[in-house]
Amino acid sequence: MGKISTILVAACALVDADGRVLIAQRPAGKSMAGLWEFPGGKVEVAETPEEAVIRELQEELGISTKIACLAPLTFASHAYDDFHLLMPLFVCRRFWGVPQAREGQTLKWVRPKDLRNYPMPAADEPLVPFLIDLI
């Protein structure tokens, strides 16, 4: 078996005052287009997962938060065909601004128990029960 690289991606479950979680639908033209995921993205060189979440929330949604507002919840470790994904999931209940789709994605606020109604990438699916238990 050839070596595959591990990619570190940080994701965030934004929770609103009503206890709903924000998910985004991957736009057409991207890999896994049409699937729903938690906002986030690849952790860059010399960046912590928390810093990556803060940067991605600003880039993707136009909102800001602080490291102190990010609580680690769980993580996903998933083998895709051509890479292995390691993805810490943070929960954030405190952020500034109103999330807006800046990258052509569709956004939806969803109750945790209803997340299973939205098709997700294989790495995201195991994270859902933790959110159901938490919120």
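Structure above, values below:
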| read-out | value |
| --- | --- |
| Subset of region 18-33 that is assigned to a loop (DSSP other than H, G, I, E, B) and modelled with pLDDT of 95 or more - its residue that is nearest to GLU103 (Cα to Cα) | ARG20 |
| Residue list for region 25-63, filter: surrounded by 13 or more Cβ atoms within 10 Å (Cβ to Cβ), over 21 Å from LEU127 (Cα atoms) and among the small types (Gly, Ala, Ser) | GLY62 |
| Leading residue by the ranking (modelled with the highest pLDDT) among those in region 104-118 that are closer than 20 Å to GLU60 by Cα and exposed (fewer than 13 other Cβ atoms within 10 Å of the Cβ) | THR106 |
| Subset of region 34-55 [of a type in the set (Lys, Arg) and either assigned to a helix (DSSP H, G or I) or on the phi > 0 side of the Ramachandran plot (or both)] | ARG55 |
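The values are calculated or read from the model by the stated rules, or taken from the named source; none is laboratory data. Because the structure is a prediction, the values reported are computed rather than measured. Heads up, the Cβs are rebuilt from the backbone with ideal geometry, glycines too, and the neighbour counts pull from every protein chain shown.
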